[in-house]
Amino acid sequence: MFIGVTGYNHESSAALVDENGVLVDFYREESLSRIKGDKSFPKRSIQKLLITNNLKKKDIERVAFYERPLSAFLHIAKEASLHMPRSLSLLTHQFRNFNRSSVSCYLDFLKFFRGLETKLIYSDHHLSHTLTALAYTNTKKDICSVVVDGFGDRSTASISQIVDPTEINELWECPYPISLGLFYSSITDYLGFAINEGEYKVMGLASFGDSKSNSARLVRGLMDWDSTSNEIISDMSYFDYHLSTSNSFSNKLEELLGPARNPFVRLVPGDSDFQRCADIARGAQDLTIYLLEKIFTHAHKITNSRRFLFSGGVSMNSASIDSLAQLSFVDEIIIPPSPGDAGCAIGAAFYCYIKSNYYSDFNISKPSLFPSRKEIRNDEFITEQIVSNEFSVLQRDEDDAFLKAAELIAEGEVIGTVLSSSETGPRALGNRSLLCDGKNKEAVENLNNVIKNRSPFRPTAPAMRYEIAQKYYRLRPEIYECYKSMSATCKCFEENVSLEFPTTHVDGTARVQIVENNSSLDKLLSILEPMGIEILANSSLNVSGDPTCFDLVDGLMVCSRTKLRYLLTDIGLLKRKK
Amino acid sequence: MKKSQSELNVFYETAHAELASALEMLAACKVTESPKQAFGYFMHAKDEYNHARSFFEMLSKRGKRASIEIARDFRFTPPSLITKGYISKKGFLIETMNLKDFIAFVYTNELLAKSSFENILILVGHSTHESRRISSIMADELRHHGMAKKFFLNHYPDLQPWQLMIYRTKETIHNKGRKIYDANLKFLDRLLTPLYRAIAYLAGTMAMKLNLNEFKRKGKNLMNISSSSIL
Ligand SMILES: [Fe+2]
Ligand SMILES: [Fe+2]
Ligand SMILES: [Fe+2]
């Protein structure tokens, strides 16, 4: 058995791969600690891997950490040192927290899982991203990997050529501190949204902006592609992320674009500052698409490949994928369901697996979209009193529960689900979701505003079968796999009814989810379609700011804390009493 | 300026504390083997989540009025629950304490929480919407305290009320101690900051000379780089 872990600098997680190359289990630390974006050493996740899979430490052959700790540390320190004394507080912070950085991974294993520290090896940050993505392809040879994130352990973007899983040659990199990911985060921060979380909001907001506006043009000019040296170039004086622990952008950016937004003031369409912010977001989105197209074009030029893996935080920018799919040389783009750093635990676990079977046959199986094992403990027993006091059980039998849930959806209700195994994250694909009739405007509004309190400019995703999606949306076969994990948006056909669907964004796009066969949503839709409902609006089951629900207790808690009334679970369909 | 900052800080820290309590109770709910206790912890967690939400709302109301520089300092990021020490790096209390100590801890802390709200009541002014909300939170805390006490006496009938008093005194001292320790640490930090900065300056001067070309991987097979090196 092989374990991969991430943590410290970015969200932590742990993955388990068996000796047949199958991803058997995966947890994000935030799912278990309930602390969104938890970066601490993933001890709960590792513990859970061991307990749920009935493993002793001796059953673990190797453990891989997803990056090279000292490399990440030194790159940041070196860059900051070039800007002393301005960067002194960042340097002080770096050196003072040395023992809390990923350098202490070994010590944490020693402290919490004595015995495993001797089995610890280190992958490379972008290699971990690449291997994660590679696992989700059908053929694991002759493909090009593009990784674009904030910062790995050496670089902020890279291109490598995968000959086979034992030969992955890096051909191009974008060195820190120039970073498309950190640029996008800085704009997120400038617009008053939280870094690592508000990026989705910027992407949604961009659709309200005008590419030709002055603000958009100014943002668009912050970075560029130098086609002689094939490098990303940027005037770093607009950014502070490489110099400061608290500021990602500099005063100069505020001089250029106007004052940053107060994070406590909610941004609503129609506000006086709304258009300026939307234009800035538009500029950031345009620049992102432009640079990604350049990176992909360069990747094709140096590898000759027509098939691409795309991962790293920037690949979560689902609004840019449709443009990439239209590049003439692209035959296929694969984005793993968890392309950010948390997903790297999967790549790190496969790294151990490949390393251990280097000279023999090995076989990496394509992981499930729902890899987290279900709890062994008896949910029904432990939640007995919570359920009997706070909920009524409408249907216990699984088929009856699904049927009743479908009827409720048809009546315009919103249903929460806590079913079977959990998604890889960050997107809920049906097992930890909030669902309603995707064409019922009132129901979708209820889901968005009453239950989730979502920003008014963030659209909700529609989920449906492939045959249905074809009627409404311009799907691209190059990114078919991406639709299964909601990784790409697509355009509605012109003059199509879908333009009026409440799940369609202002710019006529939707983040479609193509439902997998035999999944919970597939089952629900097979009941709903004869009732005339072919599209479900699908959002993650959580209170805003919290991680997506993990277990039944979390689901019951969301019901108790919000106006959500129905919960479809493995113990039946529940209705909140009060 | 200073005043609004310290006021924001009160709501900011209290919201952290309440959210941390919610997570502690949720964790206890998931760990216990008894459905009855699970229900108790569940309802307690729900209350604490609501308290946290109230304080976040009060924070947000004041944050909107503050200057952007100040407001930015009081943005909530969940991982700060750990870095600020509201949730221990070692784990949730239920994972690191025995049940008896855990209940005693809840019992005492609910009372301490209630008394700290009295100070916030002064901040928000009397007979406002916020003061009514805080009063109702205080009533919740008293109820939690009562429940913990009842639970404690039910499960440990041999323990006399005076023993609970001891627990309470111990925890109060502990809590005060924590505050003094925290204050000392902050003081020490201020004292040592110039030293830290001087060291960082020196280390920075050395870092400047680092040649990171060694880390370049262009043209290399990433699968062949030594897997035992942290560099
Ligand atoms: Fe990354
Ligand atoms: Fe409370
Ligand atoms: Fe309480």
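Quick notes on this structure:
- Beta carbons closer than 9 Å, at least 6 apart along the sequence or on distinct chains, pair a first residue in segment B:200-222 that is among the aromatic types (Phe, Trp, Tyr) with a second that is open to solvent by 60 Å² or more (accessible area, probe 1.4 Å) for B:TYR201/A:PRO85; B:PHE215/B:LEU231.
- The single condition among (1) part of a loop (DSSP other than H, G, I, E, B); (2) under 23 Å from A:ASP235 (Cα atoms); (3) assigned by TED's automatic domain parsing to the domain that holds A:SER318 that A:GLY152 does not satisfy is (3).
- Being aliphatic (A, V, I, L, M), within 10 Å of chain A (Cβ to nearest Cβ) and more than 16 Å from ligand 1 (Cβ to nearest atom) holds for only one residue in B:ILE94, B:ILE82, and it is B:ILE82.
- Residue pairs meeting the criteria (Cβ under 6 Å; at least 6 apart or on separate chains; first more than 8 Å from chain A (Cβ to nearest Cβ), in segment B:21-44; second small (Gly, Ala, Ser)): B:ALA22/B:ALA45; B:ALA22/B:ALA52; B:MET25/B:ALA45; B:TYR41/B:ALA28
- Some residue of segment B:119-131 being open to solvent by 20 Å² or more (accessible area, probe 1.4 Å) and among the β-branched types (Val, Ile, Thr): yes
- Here the condition is being modelled with pLDDT under 95, surrounded by 16 or more Cβ atoms within 10 Å (Cβ to Cβ), in contact with a Phe, Trp or Tyr (Cβ under 7 Å, 6 or more places away or on another chain) and hydrophobic (A, V, I, L, M, F, W, C); of A:LEU253, A:LEU243, A:LEU267, it holds for A:LEU267 alone.
- Unmet requirement for A:THR489, which otherwise passes all of (1) over 17 Å from A:SER433 (Cα atoms); (2) surrounded by fewer than 19 Cβ atoms within 10 Å (Cβ to Cβ): (2)
- Residue under evaluation B:ASP140, criteria (1) touching a residue at least 24 places away in the same chain (Cβ under 8 Å); (2) away from ligand 3 (no atom under 15 Å from the Cβ); (3) over 16 Å from B:GLU24 (Cα atoms), criterion not met: (2)
- Taken as a whole, the structure places B:ASP73 among residues that are at the interface with chain A (Cβ under 8 Å from one of its Cβ atoms), away from ligand 2 (no atom under 15 Å from the Cβ) and either on the phi > 0 side of the Ramachandran plot or surrounded by fewer than 17 Cβ atoms within 10 Å (Cβ to Cβ) (or both).
- Taken over segment B:186-205, the criterion of being more than 8 Å from chain A (Cβ to nearest Cβ), of a type outside the set (Lys, Arg) and open to solvent by 60 Å² or more (accessible area, probe 1.4 Å) is satisfied by B:PHE187, B:LEU188, B:LEU191, B:PRO194, B:LEU195, B:LEU202.
- Test for A:LEU74: is it open to solvent by 10 Å² or more (accessible area, probe 1.4 Å), aliphatic (A, V, I, L, M) and free of Cβ contacts under 8 Å to residues at least 12 places away in the same chain: yes
- Tally, over segment A:156-184, of residues that are in a loop (DSSP other than H, G, I, E, B), open to solvent by less than 20 Å² (accessible area, probe 1.4 Å) and within 20 Å of A:ASN9 (Cα to Cα): 2
- Segment A:380-408 - residue that is touching a residue at least 60 places away in the same chain (Cβ under 8 Å) and of a type in the set (Phe, Trp, Tyr) and, of those, farthest from A:CYS436 (Cα to Cα): A:PHE391
- Where a residue in segment A:161-185 is free of Cβ contacts under 8 Å to residues at least 12 places away in the same chain and its partner, wherever it lies, is surrounded by fewer than 21 Cβ atoms within 10 Å (Cβ to Cβ), with Cβ under 8 Å and at least six apart: A:GLU167/B:ASN221; A:ASN169/A:GLN161; A:ASN169/A:VAL163; A:ASN169/B:GLY219; A:ASN169/B:LYS220; A:ASN169/B:ASN221
- Some residue of segment B:105-116 being within 11 Å of another protein chain (Cβ to nearest Cβ), open to solvent by 20 Å² or more (accessible area, probe 1.4 Å) and part of a helix (DSSP H, G or I): no
Let's see how each residue does on (1) closer than 22 Å to A:PRO459 by Cβ; (2) touching a helix residue (DSSP H, G or I) at 6+ places or on another chain (Cβ under 7 Å); (3) aliphatic (A, V, I, L, M):
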residue: A:TYR200; (1), (2), (3): yes, no, no
residue: A:ASN214; (1), (2), (3): no, no, no
residue: A:LEU218; (1), (2), (3): no, yes, yes
residue: A:ASP224; (1), (2), (3): no, no, no
residue: A:SER237; (1), (2), (3): no, yes, no
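- Candidate set from segment B:45-70 (those that are more than 15 Å from B:LEU19 (Cα to Cα) and within 7 Å of another protein chain (Cβ to nearest Cβ)); member that is most open to solvent (accessible area, probe 1.4 Å): B:LYS64
- Among the residues of segment A:483-500, those identified as touching a helix residue (DSSP H, G or I) at 6+ places or on another chain (Cβ under 8 Å) and either touching a residue at least 24 places away in the same chain (Cβ under 8 Å) or assigned to a loop (DSSP other than H, G, I, E, B) (or both) are A:TYR483, A:MET486, A:SER487, A:ALA488, A:THR489, A:CYS490, A:LYS491, A:PHE493, A:ASN496, A:VAL497, A:SER498.
- Any hit, segment B:148-167, residues being at pLDDT 75 or above, within 27 Å of B:TYR12 (Cα to Cα) and within 16 Å of ligand 3 (Cβ to nearest atom): yes
- Segment A:346-370 - residue that is in contact with a Ser or Thr (Cβ under 7 Å, 6 or more places away or on another chain) and open to solvent by less than 10 Å² (accessible area, probe 1.4 Å) and, of those, farthest from the other protein chains (Cβ to nearest Cβ): A:ILE346
The values are calculated or read from the model by the stated rules, or taken from the named source; none is laboratory data. Everything quoted here is computed from the prediction, not taken from an experiment. Note that each Cβ is placed from the backbone with ideal geometry, even for glycine, and that neighbours are counted across all protein chains shown. Just the protein is used for accessible areas: all its heavy atoms, side chains included, with ligands, DNA and RNA removed. Shrake-Rupley method; radii C 1.70, N 1.55, O 1.52, S 1.80 Å.
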